[in-house]
2 protein chains.
Amino acid sequence: MSRQRVVIIGSGFGGLFAAKALKHADVDVTLIAKTTTHLFQPLLYQVATGVLSEGEIAPATREILRRQPNAQVLLGLVDDIDLTNRVVKWRFHNNYHETPYDSLIVAAGAGQSYFGNDHFATFAPGMKSIDDALELRARILKSFEIAEFTTDPVERARLLTFVVVGAGPTGVEMAGQIRELATSTLAHEFRSIDPTAARVVLIDGAPQVLPPFGESLGRKTEKVLERLGVEVLLDSIVTEVDEEGITVRAKDGTTQRIEAVCKVWAAGVKGSELGEVLAEQSGATLDRSNRVVVEPDLTLPGHPEVFVIGDMAAVDDVPGVAQGAIQEARYAAKTIKARLAHTDPPGPFAYRDKGSMATISKFSAVAKIGKIQLTGVVAWFAWLFLHLLYIAGFKQRITTLLSWALTFVTNGRSQRVVTNQQLVGRLALERLGSGVSGKLMQGEDVEPKQ
Amino acid sequence: MSRQRVVIIGSGFGGLFAAKALKHADVDVTLIAKTTTHLFQPLLYQVATGVLSEGEIAPATREILRRQPNAQVLLGLVDDIDLTNRVVKWRFHNNYHETPYDSLIVAAGAGQSYFGNDHFATFAPGMKSIDDALELRARILKSFEIAEFTTDPVERARLLTFVVVGAGPTGVEMAGQIRELATSTLAHEFRSIDPTAARVVLIDGAPQVLPPFGESLGRKTEKVLERLGVEVLLDSIVTEVDEEGITVRAKDGTTQRIEAVCKVWAAGVKGSELGEVLAEQSGATLDRSNRVVVEPDLTLPGHPEVFVIGDMAAVDDVPGVAQGAIQEARYAAKTIKARLAHTDPPGPFAYRDKGSMATISKFSAVAKIGKIQLTGVVAWFAWLFLHLLYIAGFKQRITTLLSWALTFVTNGRSQRVVTNQQLVGRLALERLGSGVSGKLMQGEDVEPKQ
C-alpha cells in the first residue's frame, strides 16, 4: 500500500509549520505555494522602510525543508480544489497540474481587505507580500525624491504627507518607522526640502490604536506616536482614496480631505479566494472577512480529510497572528498522525494565547502577555528577542541582528534600493490598461494579447 | 557673483567619485542619476545568484554625499544636453526639468551590447543594473523550480541548462556561481530533479577566457572552471538566441544548437545614448562601442567645459573597470579646481593600472597586477580584501563580510527571494505587446494608453 498523501497549500506560518510537524510521520507531504519563500510577515514593515532586506525575512521554503525527505515543495498557484475526487488543481503560468491527496491542509492565508472598495488598492497598497513591501519602499522613498525637485508648495506638501490606514500593529509600526526614516535617516540628505517636516497620519475607525491591546496600552502607544510626530486620527472612516489623497469621515459626520501621494493600507484582511472554492463545494459558511467557519477540529464541515488553518480559517478566540496559525498547524498534523496510528485524535482545538506585541520606535514597544502589560525599553527588548527567535533560518537570524544593530547605532538604513520596475510602479502599469500589475501582485498569470 | 555650477550625470564610479572629489571646491555640484543608489557593479553577479542583497552593493547616493553640503542629488533620466546653451534636460516620469551648468561631467555609463541583435535581450538579459540582477536571479531559480514539476525529459534538460555568453570577469564569475549554487546550495532541496546535474556553458568568441589577463591565467582559469563542471566553449560566436535556446557558430564554421531556457548576456558594452547626443552637437567621434572619443584632458572636442568619463568615454589604454572611471573622475575634478584657482591644469590624463582580478569559485580567483600573476587562495583573499575596501558605506562593508562568511561556511545563500513581478518576468510583459518591461529596465517612462 502506498503512503498517505498529505497536500499542504501555502508556505506561511500555517503551511510551513504543518509540513514540519509531519517530519517524522509516515506520509508523503507536498507543499504547494505561490512564492518560493516562507515570509516572516511581522517584519514586512522593516523591508518597506529599508531596515531589512527581503531575504532576511523570507528564506526559501525548500531550504527550510531540505532535511525533511518526506516533503516536496512545488511552486504554483492553486486555482481549484476538487473535494469529491480529492485533487488540487494548480498551475505555474501555463503549466497546469493536478495533485491528488488523502489529507489536505489549506493554509492559503489572507489578502488585504478594502471593505468593498477594491479600487483603493491602486493608490494604497496593502502590506501582505514582499512585492507589496518593496513597492511601498519605492513609493515612500520616491515621494522624498520627487519632493526634492518639486517647487510648487502644495504639491510638495502632498508628497511629504504619508497616510497609514489601520492602527493595528502593522499600521502603528509603519507610521512610526516612516517618521523615524524622515527624522533620522533622511534628515541631512536633502538640500531643497526638510524631510523632518514630513507629516505622517495614522487613521483608524476604532476609538483607540491597537484595539486588542486594551485601552491603557492604546493610550500609551498613542502618546509615544504623538511624541514621535505621528498625527493619530481615531473614530474615523476612510470614504475615498485617489491618486492625490484620501477622504476621511469622523464619527460625528464631519469629513476631511488629506492631500497625500503615498498611502498605505493596513486596515483589514480578507481570507483567500480558496475559501470560496471550499465553501461552495462543502456548504461551509464564510464569515464577514471571507474566512471559512470550520469544525472544532479545524476541518471543513463534511470533510474530515480537509483542514483549513491560519488566516483563512475563522476559529473562535484565535487572532490573526503567527501563533494562531502555528498552533493550528501543529494541531492538524497531530490529528493526521493520530488517525494513521488509529489512536484517539486530540480534543477540540484550543488556542493558547502567548500574548501580543508591537514596536513603535527605537527602544519603545508595547506588549500584552496575559494580564501583564509591558511598555518602553523592556517591551522593546522582549520584542527583539522573540522576533529573532521566530525568524526562520540561522543565516537570517544572524544577519537580521546585525542589520538591526547597525540601524540602531547609525540611524542609517542598509536597504534603500528601489528597482526601476518599482519606481515606475503599479499606477503607471495600470494606466497601460492591461491591469498587469494587480495580477502580478497576486502571483497570477498574465494573458498574452493576441 | 554666483558660484560655478558643476552638473554631473550618473551615480556610478565616475559620477560619484567626481562629486566627492569636488567636496572642498567652491562650486555647487548637482548630481543627476536615474537610480537612487550607487551601484558596486563588480558584485552584481552575487545579487543575481543570491549571495548578497541588493542593498549591500547599492547604498543610496544621497546618503554617501549627505555630509557634502555643496552637492545636491536629483533622481531623473537625462534626455538631452544643450551644449550651446549649457543646459541639461531631464525628467522623472512626466516631470520635465532643465538644469544649467558651467562645467559638465557626463558619466552615464554603458549598457549591454548585443552587437546589433537587440532582440536577444528579451531572452538573455544583461548584467548592468539591479533590475537585471534581480531578474536573472528569478530566471535562474525559476528554472530549477519549473524543472521540479516538469516530467518531459527534453524540457527538463532545457530548464537545467544555463548559458553564459561572454567570458570576461562577469561571465566567468556568473558561470562559476551558477555551478556552485547548483552543486552546493541547492543540492539537497529537490525531490524530482538532481540540481548537481545542471549544465553551465560559458561561451566566448575569443580563443581563451579572460582575454585581458593573458594566456597563462586564461588557461588556469579554464581548468578551474572545468573542474567546477562549467563547459567552456571558445572561438565561438552566438548567431541566434530565442526562448528555448541559443545557436553558436565555431571558428571552423560548424554550428551547434544548445537548448537552454536561462541565458545570461555578459558579452559586450555599448556606451550610453547620451554619447550620441554629445557627438551630434560637437562633431566628436564615437568608437565601435558607441563611446565618445575625448581629448587628452577627457573633454569633448571644442567643449573644454564638458568632460566625458567612465564607460562612455573612449580613452587609450583605459579598460572599462571601476579604476578607470575613478581615476578619470578625479582628473576631471582636479582640472575644474585648477581652472577656478587659475593655476595650471594637470597634464594629459594617464591611467595608472592597478591590476585586475576575477573570482572563479570558493577559495579560487585570478589576479594580474602589473607583471605579477596570482591564482588560487592567495588571489581569492586579495580579491576579498580589495572588494570590501571599495564597497561604499560602512554598513554595507560590515554586512557584506558577514553574508560572505555565512555563505562560505554554510554553503547556503541568504538572498533567494524573487518577487512575483520578477517571476512573471520580462517575457510575459513583452508578450502583452506593450514593451513595458524593456523600457522599465532602462529607467524610462511608460506612456499611458489612450
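Table for the structure above
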read-out: Exam field: A:GLY347 pseudo-label spacings to other copies (7 Å along Cα-Cβ), nanometres; value: 9.3
read-out: Per residue, in Å², the accessible surface of the protein assembly as shown once ligands and nucleic acids are set aside, probe 1.4 Å; value: 39 Å²
read-out: Coordinate range along principal axes, alpha carbons of the range A:165-308, Å, largest first; value: 64, 33, 32
read-out: Calculated FRET efficiency for the pair A:ARG91/B:PHE363, C-beta based, R₀ 51 Å, to 0.05; value: 0.75
read-out: Angle in degrees between helix A:376-390 and the longest Cα principal axis of chain A, rounded to the nearest 10; value: 40 degrees
read-out: Other-copy label distances relative to A:PRO319, 7 angstrom Cα-Cβ extension, nm; value: 5.8
read-out: Chain B - percent of accessible surface contributed by carbon and sulfur, probe 1.4 Å; value: 52 percent
read-out: Interface B:A - total buried accessible surface [probe 1.4 Å, Å², rounded to 100]; value: 6800 Å²
read-out: Cα gyration tensor category, rounded, prolate or oblate, for the protein assembly as shown with a/c compared to 1.5; value: oblate
read-out: Net charge dipole size for the range A:295-378 [Lys, Arg +1 and Asp, Glu -1 on Cβ; Debye, nearest 20]; value: 500 debye
read-out: Assigned charges on the beta-carbon of Lys, Arg, Asp, Glu; the protein assembly as shown dipole about Cα centre (debye); value: 2680 debye
read-out: Label point distance in nm, B:SER216-A:SER216, each placed 7 Å from Cα along Cα→Cβ; value: 7.8 nm
read-out: Using a 7 Å Cα-to-Cβ projection, B:LYS89 label spacings across copies, nm, ascending; value: 5.5
read-out: Net charge dipole size for chain A [Lys, Arg +1 and Asp, Glu -1 on Cβ; Debye, nearest 20]; value: 1420 debye
read-out: Contact order normalised by residue count of chain B, Cα under 8 Å, 6+ apart, percent; value: 18 percent
read-out: Three-way shape label, the range B:170-249, alpha-carbon gyration tensor, a/c 1.5; value: oblate
read-out: Modelled label reach - A:ARG67, point 7 Å along Cα→Cβ, the range B:394-419 residues with backbone N closer than 14 Å; value: B:410-412
read-out: Choice from A:LEU217, A:LEU386, A:LEU83 showing the highest fluctuation, given a GNM over chain A with Cα pairs closer than 10 Å; value: A:LEU386
read-out: Chain B, closest residue to the rotation axis toward A, by beta-carbon, whole angstrom; value: B:SER53, 2
read-out: The range A:300-341: C-alpha gyration tensor shape, a/c 1.5 cut-off, then a/b vs b/c; value: oblate
read-out: 0 to 90° range, to nearest 10: angle between helix B:169-180 axis and chain B longest Cα axis; value: 30 degrees
read-out: Residues of the range A:12-43 buried by at least 50 Å² on assembly (accessible area, 1.4 Å probe, chain alone as reference); value: A:THR36
read-out: Calculated FRET efficiency for the pair A:ARG5/A:ASN117, C-beta based, R₀ 45 Å, to 0.05; value: 0.65
read-out: Sites B:GLU98 and B:ASP26, calculated FRET efficiency, Cβ-Cβ separation with R0 22 Å, nearest 0.05; value: 0.40
read-out: Length-normalised contact order for the range A:291-374 - Cα pairs under 8 Å, 6+ apart - percent; value: 20 percent
read-out: Candidates B:ARG139, B:ARG191, B:ARG291: whichever shows maximal mean-square fluctuation once chain B is modelled as a Gaussian network with Cα springs under 10 Å; value: B:ARG191
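The values are calculated or read from the model by the stated rules, or taken from the named source; none is laboratory data. Since the model is a prediction, treat every value here as computed from it, not as a measurement. Glycine gets a Cβ as well: all are built from the backbone with ideal geometry, and neighbour counts include every protein chain shown. For the accessible areas, the whole protein counts, side chains as well, though only heavy atoms, and no ligand, DNA or RNA atoms are used. Shrake-Rupley method; radii C 1.70, N 1.55, O 1.52, S 1.80 Å.
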